[in-house]
Amino acid sequence: MMDFFIAKNHNTPVEAPAPEMEMLTLPFPKEDGEHVNEVVEKKKKKPKATPKQPTPEPEIFTGFNYLPMELLLKVMKQISVDDRLACGQTCHRWMEAAHYYLPFSDRIIYRFTNVNFTDYEPPIKSFLGAFRIFPRIAIKACTFYGNSQFWPLFGEHVIELTIKNCLIKDTELLYILEHVPNLRQLKIEQCDELFRSWYFEKRQSCCESHFVLPDLLDVSLTNNDFLDELHFNKLMTLAPNIAHLDLSNCFKMIASHRRVAMVEHIMRFINMHQFQLHTLKFNGTLAIDDICLSTLSMIEGLSLETFSMTFCDKIPAAIIDLLRRQPDLNITQDLEWKVGRHPIKAPGFISFLVRQTNLVHLDLTSSLGITDEVMELITTCLPKLKTLKLRRCILVTDEGIMNIVNLVNLEVLDLSNCYRISDHAMYRGVIGRKVKNLHELYLCELPTLSDYSLIQVTLNYEMLQVLDLSNSPNAATDATMQYVNYYLVSLKQLHLYCCTKLTDSGLTGIDLPVKPMITWDQEETFPLDRLFKLRVLNLIGCYRITDLSLENAFKLAELKELHLARCYQVECHDCHISEKGIAVLSQVATALEFIDLSECPLVNDNCIEMLTANLKRLRTLKVNKCPQLTNACLEIIGRNCSYLKYLHMIDCRRVRKPRERLANHRSLKAVYVEW
């Protein structure tokens, strides 16, 4: 390790003293014999030079706390926000680097949850005297009482604002928006009470405003059922330069004619802002049908990069048959196919796909109208796709995904719940060849997928960062886990929810009946902790996992989130996660911030003692349905957990009144004791 030092003393040359002059009076004889005094100069003799004392060596300071600030910031740029904030607790110098360096502080989100947003109560009362800025603010489940001085003081620096499921009046909302002139992203989610009580005295007043937000580009109004045309106009008037609009899961609780009128109004707005919109999201929003897509396809200036919706309309069988017989058929400017003398009107969804050739992100989750023919159009007409999500598109079969391999820029692929996909299509259409860009792959609930497909995935997608095999038990076996442990060393998230064929042998490499990896005629096995970048691991329902795995395969220094719920076998009393495995886990995975041990029958108070004493950064602890826990664990949590925020203790029958006993815990935000 290189030592860095700070020198307090410097070797500066010492100048020699100048020779001193002294005036002496000497007698001289005169010509006539008399003595006359005259003044002469005489140099004083220099004293003999004494040996000079050696200059002391500069004091050297070693250790990470004396790193130059430039190197310290470079190191902190490589780690996550949670790690950086933990580093800030080391010393004053590291705290300064972690908190007050602007590129770092700009990325921190300040969350206010379940509080009264008023100047007269904490925490807002305490924040009014703050000396820092708050660029990103998320407010959830809060009640607003009047106009707070927080916004005039700090609103100038706010660039992202989220208001979710809050009790807020329209006047309070407009007051907040007026004092955030540099806002770039606004999210108003699940605020039905706001729109229910928001009335306009004059209909024209919704399009009038004495202020605008010129930098506001991203507006999200998701999960709002009572948003009407006047509310929409008012908010859009404040954002004249809007580029990203999200209206997912809206208009579900209103009458059908009001829903259709609202969607038509949105289409007119899109037409007016066609040249500046780049993102449209309508996931789960009703009334976005083939007619709306036909309207979008006729807007010539609309060029989207991101689009998401739930498409459930049925494409006519004649159109499907035509596409099968003539796959190279071109759509005219009138959105028609010319077949002989009789033009055929193209469906709106197909016309939209053909026109939007610049799409980069496409999300069609739960779209029952997506068929193999539509999939062929997607892979042919959208060569720039980087994200393709087809979760729960149950009509897609092997034929539909056969050409996904042609999307050479693909980075995110979600084929979850497409249960008609087989190994043959996965190998020919998805894997096919090595794709360096693929970072996220979701293959949940695919019972027809075997371990052969997963082995091919590990061999071809070595740069995967997220792999989800939840409820695909035939794909996640002990043999395939060995391939994952060896090849996918860049994984950051691994989800194996209810992969019931997975055992300790697959995670540790111990006692494998057949070792799949052979190097130079020597059989090798690889434990899970070879995935040194892993941050999230989900093993819920993998009931064959026992203490053996915790003792031999969990030396994961960067692991933040661990799910071990329901890891037990009813018929085998020794096949459990117990105090022995928890003792090792708490020593080797000290960076854990979230751990779920629900329904593990051998978890007791001693396990809680070891976890809370060693996991200093623990934020969420879930121990639902753990019958051996008693009231003593509450005292342990109150004593050891300085940063715990969420505690789940549902159906722990021997624990009495956990909320009351932990009411004075400073960091605890919520204690969940019932479903």
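The residue of region 429-449 that is surrounded by the most Cβ atoms within 10 Å (Cβ to Cβ), among those that are at pLDDT 90 or above and either of a type outside the set (A, V, I, L, M, F, W, C) or in contact with a Lys or Arg (Cβ under 6 Å, 6 or more places away or on another chain) (or both), is Tyr442.
Taking region 387-410 as the range and being within 20 Å of Val360 (Cα to Cα), charged (D, E, K, R) and surrounded by 19 or more Cβ atoms within 10 Å (Cβ to Cβ) as the test, only Lys389 passes.
Okay, residues lined up against (1) surrounded by fewer than 19 Cβ atoms within 10 Å (Cβ to Cβ); (2) in contact (Cβ under 8 Å) with a residue 60 or more places away in the chain; (3) of a type in the set (A, V, I, L, M):
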position: Leu585; (1), (2), (3): no, no, yes
position: Thr590; (1), (2), (3): yes, no, no
position: Ser598; (1), (2), (3): no, no, no
position: Leu621; (1), (2), (3): no, no, yes
position: Ile650; (1), (2), (3): yes, no, yes
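Can you tell me which residue in region 121-145 is most open to solvent (accessible area, probe 1.4 Å), limited to those that are without any contact (Cβ under 8 Å) to a residue 12 or more places away in the chain and more than 24 Å from Gln190 (Cα to Cα)? Per the criteria, the residue is Phe131. Just to be sure before I move on: is Lys555 assigned to a loop (DSSP other than H, G, I, E, B), open to solvent by 10 Å² or more (accessible area, probe 1.4 Å) and outside the structural domain of Tyr646 (by the TED database) in the structure I sent? Considered against the rule, which asks whether it is assigned to a loop (DSSP other than H, G, I, E, B), open to solvent by 10 Å² or more (accessible area, probe 1.4 Å) and outside the structural domain of Tyr646 (by the TED database), Lys555 comes out as yes. Restricting attention to region 133-145, the residues that are more than 11 Å from Leu167 (Cα to Cα) and out of contact with any Lys or Arg (no Cβ under 9 Å at 6 or more places or on another chain) total 2. Return the residue satisfying two criteria in turn: it lies in region 511-522 and is of a type in the set (A, V, I, L, M, F, W, C) and assigned to a loop (DSSP other than H, G, I, E, B), and of such residues it is most open to solvent (accessible area, probe 1.4 Å). Here the answer is Trp520. Across region 365-376, the number of residues qualifying as in contact with a Leu (Cβ under 6 Å, 6 or more places away or on another chain) and either surrounded by fewer than 18 Cβ atoms within 10 Å (Cβ to Cβ) or in a loop (DSSP other than H, G, I, E, B) (or both) comes to 2. Taking the criterion of being surrounded by fewer than 18 Cβ atoms within 10 Å (Cβ to Cβ) and touching a His at 6+ places or on another chain (Cβ under 9 Å), the only residue of region 528-551 that qualifies is Val536. Quick check: is even one residue across region 170-192 more than 23 Å from the chain's Cα centre (by Cα), more than 24 Å from Ile242 (Cβ to Cβ) and surrounded by fewer than 16 Cβ atoms within 10 Å (Cβ to Cβ)? No, region 170-192 contains no residue that is more than 23 Å from the chain's Cα centre (by Cα), more than 24 Å from Ile242 (Cβ to Cβ) and surrounded by fewer than 16 Cβ atoms within 10 Å (Cβ to Cβ). Contact map, region 537-552: residues that are without any contact (Cβ under 8 Å) to a residue 60 or more places away in the chain and of a type in the set (Phe, Trp, Tyr) paired with residues that are surrounded by 21 or more Cβ atoms within 10 Å (Cβ to Cβ) and part of a loop (DSSP other than H, G, I, E, B), Cβ distance under 8 Å, separation 6+ or inter-chain. Pairs shown: Tyr543/Cys567. Of all positions in region 192-211, none carries a residue that is under 27 Å from Thr306 (Cβ atoms), part of a loop (DSSP other than H, G, I, E, B) and out of contact with any Gly (no Cβ under 7 Å at 6 or more places or on another chain). Determine, yes or no, whether Ala425 is under 21 Å from Lys389 (Cβ atoms) and either open to solvent by 10 Å² or more (accessible area, probe 1.4 Å) or not hydroxyl-bearing (Ser, Thr, Tyr) (or both). Answer is yes for this residue. One residue alone among Thr508, Thr525, Thr500, Thr612 is open to solvent by less than 20 Å² (accessible area, probe 1.4 Å) and either in the same structural domain as Arg84 (by the TED database) or closer than 23 Å to Ala476 by Cα (or both), and that residue is Thr508. Looking at region 523-552, which of the residues that are outside any loop (DSSP other than H, G, I, E, B) and among the aliphatic types (A, V, I, L, M) is nearest to Leu469 (Cα to Cα)? So, considering only residues that are outside any loop (DSSP other than H, G, I, E, B) and among the aliphatic types (A, V, I, L, M), the one nearest to Leu469 (Cα to Cα) is Leu537. The residues of region 596-629 that are touching a Cys at 6+ places or on another chain (Cβ under 9 Å) and among the hydroxyl-bearing types (Ser, Thr, Tyr), listed by number, are Ser598, Thr612.
Among the residues making up region 269-314, none is at positive phi and at pLDDT 95 or above. Pairing residues of region 64-80 that are open to solvent by less than 70 Å² (accessible area, probe 1.4 Å) with residues that are at pLDDT below 80, at Cβ distances under 7 Å and at least 6 apart in sequence or on separate chains, gives Leu67/Phe4; Pro68/Phe4.
The values are calculated or read from the model by the stated rules, or taken from the named source; none is laboratory data. Just so we're clear, the structure is a prediction, and the values are computed from it rather than from any experiment. Glycine gets a Cβ as well: all are built from the backbone with ideal geometry, and neighbour counts include every protein chain shown. Note: accessible area is taken over every heavy atom of the protein model, side chains too, but ligands, DNA and RNA are not part of it. Shrake-Rupley method; radii C 1.70, N 1.55, O 1.52, S 1.80 Å.
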